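Below: the structure, in structure tokens.
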Amino acid sequence: PGVLSAPAASLDRSDVASYGGKAANFGILRVAIPEASPDPAIAFSFDLFDRLMARPSADTTLGAAIAARLGQYTWPPDMAALATDLAAVRDLVKATAFAPEDVSAIKSALAPFDPNRNIRFRSSTNVEDTTTFTGAGLYDSYSGCLADDDDADGAGPSRCDTTEADERGVVRAILKVYASFWNDNAFLARLEHGVDPTEVAMGLLVHHSYPDSEELANGVAIVHDAGSSRHHTLT
């Protein structure tokens, strides 16, 4: 508790409870194939997510506002009403501001990265990458440009990609990844499995962005077991 970030190479499966499955598994990649996995790579812990959930929202906190909006749903839900509420929650998350000290901590943690190159922020939760719940495709990843946050203006184009007309800062990217925690299919999967919403959180795996033209796997390893016909996603 209280540790916001760590080098991905320092993580292992025991860190799922603090950093999520994707980040913990990525630590295995960094150790096993350091020459063929993204470097630098860091992870943000659940503490950063919890700090955002504690931020003011109207007359309460963001986390409490989300719980009040979604807490009445049981399986099977009213799909139309749920879709409306989930969209409102995602908008609320993306509109919430981090505390200034947390923004400073985020930027400090990102110091190893090239500020003029897109950085990829990938969802990493404690409700994915398990033997009984893969969570594949439920959450979203987004890229952000540190230079866009540090250029003292809000005018585009992005300093990391001039084809992007608007700025695409890292804080914006993080908030969009967090908002995907309430994607329709993600919430439905947790609701159907009876997952306690107070026991789940989202961390972040962070490395430079590798577009399809450069790296089709984009930091994901597919492992084939020669003794079976099954493929396994490591992270």
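Hey, if we sort TRP75, TRP182 by accessible area with the 1.4 Å probe, largest down, what's the order?
Reading off the accessible areas and sorting them downward yields TRP75, TRP182.
Specify, per residue and in Å³, the volume enclosed by the convex hull of the alpha carbon atoms belonging to the stretch 75-161.
About 165 Å³ per residue, rounded to a whole number.
Could you work out the local net charge near ARG13, counting Lys and Arg as +1, Asp and Glu as -1, over the other residues with Cβ closer than 15 Å to its Cβ?
Its environment carries a net charge of -2.
Where the only charges are on Cβ atoms (+1 Lys, Arg; -1 Asp, Glu), what is the dipole of the chain about its Cα centre, to the nearest 20 debye?
320 debye
Determine the sum of side-chain charges near ARG55: Lys and Arg each +1, Asp and Glu each -1, restricted to other residues whose C-beta is under 14 angstrom from that of ARG55.
Once positives and negatives cancel, what remains is -3.
Summarise the accessible area of the stretch 5-122 (1.4 Å probe, protein heavy atoms) by the percent that is carbon and sulfur.
Ligands and nucleic acids excluded, carbon and sulfur reach 55 percent.
Taking +1 at the Cβ of each Lys and Arg and -1 at the Cβ of each Asp and Glu, which of GLY27, LEU11, PHE49 sits farthest along the dipole of the stretch 1-57 towards its positive end, judged by Cα position relative to the Cα centre?
PHE49
Determine which lysines satisfy two conditions relative to LYS94: a Cα distance under 16 Å, and not lying fewer than 8 residues away in the same chain.
Cross-link targets: LYS176.
Placing +1 on the Cβ of each Lys and Arg and -1 on the Cβ of each Asp and Glu in the chain, which of PHE133, LEU205, ALA81 has its Cα farthest towards the positive end of the resulting dipole?
Farthest towards the positive pole: PHE133.
Suppose accessible area is computed on protein heavy atoms with a 1.4 Å probe; arrange LYS176, LYS22 from highest to lowest.
Greatest to least solvent exposure: LYS176, LYS22.
List the aspartates and glutamates whose Cα sits under 13 Å from the Cα of LYS22, skipping any in the same chain fewer than 8 residues away.
Those aspartates and glutamates meeting the cut-off are ASP12, GLU128, ASP129, ASP140.
So what's the net charge close to ASN25: Lys and Arg +1, Asp and Glu -1, counting the other residues with Cβ under 13 Å from its Cβ?
Combined, the nearby Lys, Arg, Asp and Glu give 0.
Determine the per residue accessible area of the chain with all protein chains present and a 1.4 angstrom probe, expressed in square angstrom.
On a per-residue basis, the chain sits at 49 Å².
The values are calculated or read from the model by the stated rules, or taken from the named source; none is laboratory data. Quick caveat, the model's predicted, so the values are computed rather than measured. FYI the Cβ positions are ideal-geometry reconstructions off the backbone, even for glycines, and counts take in every protein chain you see. These accessible areas exclude ligands, DNA and RNA; they are computed on the full protein's heavy atoms, side chains included. Shrake-Rupley method; radii C 1.70, N 1.55, O 1.52, S 1.80 Å.
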